[in-house]
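Below you'll find the structure, written out as structure tokens, and then a few comments.
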Amino acid sequence: MQTAMQVGVGLIILCSIAGLFMAWHAWSDSQAIEPTPEPVQTPTHAAILAQTEEKVNAMPTMETGLKMPVGRWLLVDPSKTTPFPAFTYVDGMQGFSAQGDAVEDGKPVRMILRLPMKGLSWRAMTPEEGKQHGLPAVPTWLAAYGPQPAAGTVWGTWYDHPRLQGKFHPDYPDDLQVIVHDGGPRITQARPELIWVRITGGSGDLFSGQVLNKPTQLKTVSAYQEIKFIVPGGGAHPLMVTDKYLKERAEWEIRPCSKCGLTELFDAPSDLIRVVFPNVDLEKGDRLESFTAFCGACHGVQLVKWAPHSAPSQP
Ligand SMILES: [Zn+2]
């Protein structure tokens, strides 16, 4: 028979065992709530690069190419700090330009850039961006600059012309030296002059440009005058031409000059024939199958043959 004392000791032992169990349970619970943290994963170099590339690809990239579209809104960044929208156009006096409002000290400031500008960062704006900036399709001020090339025309295709390589001014990429003249030696005593001209448009081998210097002794060419010029197949420099010459040129084959290789005349063939062969009456339908001419550039000899539709026509 158990005594009261034995029962008390048994209860104390039971309570102690229960206490120990609860303490263990609490300890194991705390282990479950706060597990050992996993080591932090460091992104690999390749992963960082991929992320960066993704971000860069998502943004339209700026470029610095000299060939730019005319009649378009571009985002330009001449100061490399704050790009702003500018519309590209041709100014009859100043050449290819872009105009828009930059923001300085929180205020819009009208900026005019003379293009092409080496190193200028730019990119074409999307129509959505134009709407976001509240830009009109064509700015109202454009009308003051007269007729413009078709919107989207690429300015500067001439930079790639194989026979114009190395001929552009290093600081003014639209400027090059052109032979300007009053005509060849049969027509005028005035000597041709090699003068700087700023291209204002054109393609293929035919361009328009503005004369930048005053000729010293020519009578038909003056400073700031707009002229047309071609890039001859043979000869050292681009050559000024008249509309009359271009109209007649396609009907004649011009053999290279015996001395300088020039494959163009300084005069319209009909003007040369009228002076050199006064008995030939072109008005009455007389024809000259061929004749020789003195080269306007060097006074060498050129053979000129009538060959309708065989000569390469000018654009
Ligand atoms: Zn010659």
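Since every read-out is calculated from the coordinates, none of them should be taken as a lab result. In this text the structure is predicted, and so the values were computed from the model without any measurement. Using ideal geometry, Cβ is built from the backbone for each residue, glycine included, and neighbour counts are taken over all protein chains shown.
Numbers at a glance
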read-out: Those trypsin sites (Lys or Arg not before Pro) in region 232-272 that DSSP places in a loop and that have at most 16 other beta carbons within 10 Å; value: LYS259
read-out: Paramagnetic reach from LEU282 in region 242-274 [backbone N under 16 Å; point 7 Å along Cα→Cβ]; value: 242-254, 265-274
read-out: Whole-Hz couplings from phi, Karplus 6.51/-1.76/1.60, listed for region 278-285; x for Gly and Pro; value: x, 7, 7, 9, 5, 4, 8, x
read-out: Linear extension gain, THR242 paired with SER79, 0.36 nm per residue minus alpha-carbon span; value: 54.5 nm
read-out: Segment THR64-ALA250, extension gain: residue separation times 0.36 nm, minus the distance between their alpha carbons; value: 63.1 nm
read-out: Over region 252-303, relative contact order from alpha-carbon pairs under 8 Å, at least 6 apart, %; value: 46 percent
read-out: Sparse-neighbour loop sites [trypsin sites (Lys or Arg not before Pro); region 100-152; at most 11 other C-beta within 10 Å; DSSP]; value: LYS118
read-out: Fully extended contour minus Cα-Cα distance, from THR140 to ASP105, at 0.36 nm per residue; value: 10.1 nm
